[in-house]
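*Asks:* The structure under discussion is supplied below as C-alpha cells; questions concerning it will follow.
The values are calculated or read from the model by the stated rules, or taken from the named source; none is laboratory data. These numbers come from a predicted model, not from an experiment. So basically every Cβ, Gly included, is an ideal-geometry build from the backbone, and we count neighbours across all protein chains shown. Keep in mind that these areas ignore ligands, DNA and RNA; they rest on the heavy atoms of the full protein, side chains included. Shrake-Rupley method; radii C 1.70, N 1.55, O 1.52, S 1.80 Å.
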Amino acid sequence: MTEKEQQLRELICDIGRNLFNKDYVAANDGNISARLSENEILATPTATSKGYLRPENIVKLDLEGNILESKEGVKPSTEVKMHLRCYQKMPQCQGVVHAHPPYATAFAIKGEVLDKATMPEVVIAMPQIPLAHYGCPSTEEVPDSIEPYFNQSEAVLLESHGAITWGKDLMSAYLNMERLEYIAKLTYITRQLDGERELSQERIDELIKLRSFYGMA
C-alpha cells in the first residue's frame, strides 16, 4: 500500500469521526470517498457507523463501481453510485461526503434552496446551495438529480434525504459540509429573530469582485 493510500484511508476515518461527533450522521448513515488515482477511489463500507471506521475496512473501487480490494465480507455502501457520478463527470473532484446534518437536512425536507446573501463568507464561499429533486436512495435517481449542479456548486441539498458535498480534495469536501450546515443553522436561528437580513446589492457586488480576484468565481 502506498503512503498516499494509507493517508487517505486514515483521513476518511478521521472525517467519519468528525461527522459522527458533530451529529451530522446517526447510526450507519452517511458515506465518504476519496479519489486515489484517475480511475480508483476509496469508499466507506456499508452498515458501519462513521464514528468507528477502521482504515483496513475502507473499500477500493474503480469508477464503474467494481470492487478492486476489500476485506472479506466488506462491501461499499449502495449509495456509492452518487460518489461515482461525481468522479466520472468532474475530473477535478477528489473527495465526496454525504451526510445528514440536522439543520441542512431540515431545509432539504422542507424543500428549500439556501440562497440568501446574509454574510460575506456566504457570498464568497457558498452563495447558493441548490436543492436536488428527490431520488430513491441507492438508485441512479440520486446521481441523476445532482448531476445538473456539477461544476456550479460544491454543496447540494438532497430533497427529503440529506446533503452531499465535493471538493478539490477530501478535506475541502468535508469543510464544504461544515459550511453548508453552518449556513443552514444560522438561517434557522435568524428566522427565530424575524428572518434574514441580506446584504445590499452594492456590498454583494464588492464581494463578487473579491471572489473573482481570489479565483473563487
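*Asks:* Quick check on segment 3-214: what are the equivalent-ellipsoid semi-axes from the Cα gyration tensor, as sqrt(5λ), descending, whole Å?
*Replies:* The equivalent ellipsoid of segment 3-214 has semi-axes of 30, 18, 16 Å.
*Asks:* If you place +1 on the Cβ of every Lys and Arg and -1 on the Cβ of every Asp and Glu, how big does the dipole about the Cα centre of segment 122-217 come out, in debye to the nearest 20?
*Replies:* Using Cβ point charges on Lys, Arg, Asp and Glu, segment 122-217 gives about 380 debye.
*Asks:* Can you tell me how segment 162-207 classifies by the Cα gyration tensor, rounded, prolate or oblate, using a/c under 1.5 as the rounded cut?
*Replies:* Judged from the Cα gyration tensor, segment 162-207 comes out oblate (a/c at least 1.5, b/c at or above a/b).
*Asks:* Looking only at R203, R54, R17, which one moves most when the chain is put into a Gaussian network model with springs between Cα atoms under 10 Å?
*Replies:* Maximum fluctuation in the GNM of the chain, among the listed residues, is at R203.
*Asks:* Considering only protein heavy atoms, what per residue accessible area in square angstrom results for segment 1-143 with a 1.4 angstrom probe?
*Replies:* Normalised by residue count, the accessible surface of segment 1-143 is 47 Å².
*Asks:* Follow-up. Counting Lys and Arg as +1 and Asp and Glu as -1, what is the net charge of the other residues whose Cβ lies under 12 Å from the Cβ of S77?
*Replies:* Here the charged neighbours net out to +1.
*Asks:* While we're here: I'd like the Karplus ³J(HN,Hα) series for segment 29-34: coefficients 6.51, -1.76, 1.60, θ = phi - 60°, whole numbers in Hz, and an x wherever there's a Gly or Pro.
*Replies:* So the J values, rounded to whole Hz, are 5, x, 7, 9, 8, 8.
*Asks:* Out of residues 5 or more away from L36 or on other chains, whose amide H comes under 5 Å of its own, with H placed 1.01 Å from N in the peptide plane?
*Replies:* I41, L42
*Asks:* Using helices alone, I'd like the mean residue ellipticity at 222 nm for the chain: each DSSP H run of four-plus residues gives -39500 (n - 2.57), total over residue count, nearest 500.
*Replies:* Dividing the helical sum by the residues of the chain leaves -12000 deg cm²/dmol.
*Asks:* Okay, moving on. Would you mind classifying segment 125-217 by shape? Square roots of the alpha carbon gyration tensor eigenvalues, ordered a ≥ b ≥ c; an a/c under 1.5 is rounded, otherwise it is prolate if a/b is larger than b/c and oblate if not.
*Replies:* Oblate shape, in that a/c is at least 1.5 and b/c is the bigger or equal ratio.
*Asks:* Note the angle between two axes, namely the Cα long axis of helix 80-89 and the longest principal axis of the Cα atoms of the chain, as a number of degrees from 0 to 90, rounded to the nearest 10.
*Replies:* Compared with the principal axis, the helix lies near 70 degrees.
*Asks:* Give me the net charge of N31's neighbourhood, meaning all other residues with Cβ under 9 Å from the Cβ of N31; Lys, Arg count +1, Asp, Glu -1.
*Replies:* Around N31, the surrounding residues sum to -1.
*Asks:* Rounded to the nearest 20 debye, what is the charge dipole size of the chain about its Cα centre when +1 sits on each Lys and Arg Cβ and -1 on each Asp and Glu Cβ?
*Replies:* 320 debye
*Asks:* Also: How many angstrom lie between the Cα centre of segment 85-120 and the Cα centre of segment 146-172?
*Replies:* Spelled out, the Cα-based centre of one part sits 4 Å from the other.
*Asks:* Could I ask something else about it? Can you list the HN-Hα couplings for segment 187-203, worked out from phi with the Karplus curve (6.51, -1.76, 1.60; θ = phi - 60°), rounded to whole Hz and with x for Gly and Pro?
*Replies:* 4, 4, 4, 5, 6, 6, 10, 6, x, 5, 10, 7, 5, 5, 4, 4, 5
*Asks:* Can you list the HN-Hα couplings for segment 155-160, worked out from phi with the Karplus curve (6.51, -1.76, 1.60; θ = phi - 60°), rounded to whole Hz and with x for Gly and Pro?
*Replies:* 8, 9, 7, 9, 3, 6
*Asks:* Taking H placed 1.01 Å from N in the peptide plane, check which residues at least 5 places from L68 or on another chain put their amide H under 5 Å from its amide H.
*Replies:* Under 5 Å from the amide H of L68 lie the amide H atoms of K60, L61, D62, each far enough along the sequence or on another chain.
*Asks:* Could you pull out the pairs from K116/K209; K89/K110; K4/K185; K110/K168; K60/K89 whose alpha carbons sit more than 25 Å apart here?
*Replies:* K89/K110; K4/K185; K110/K168
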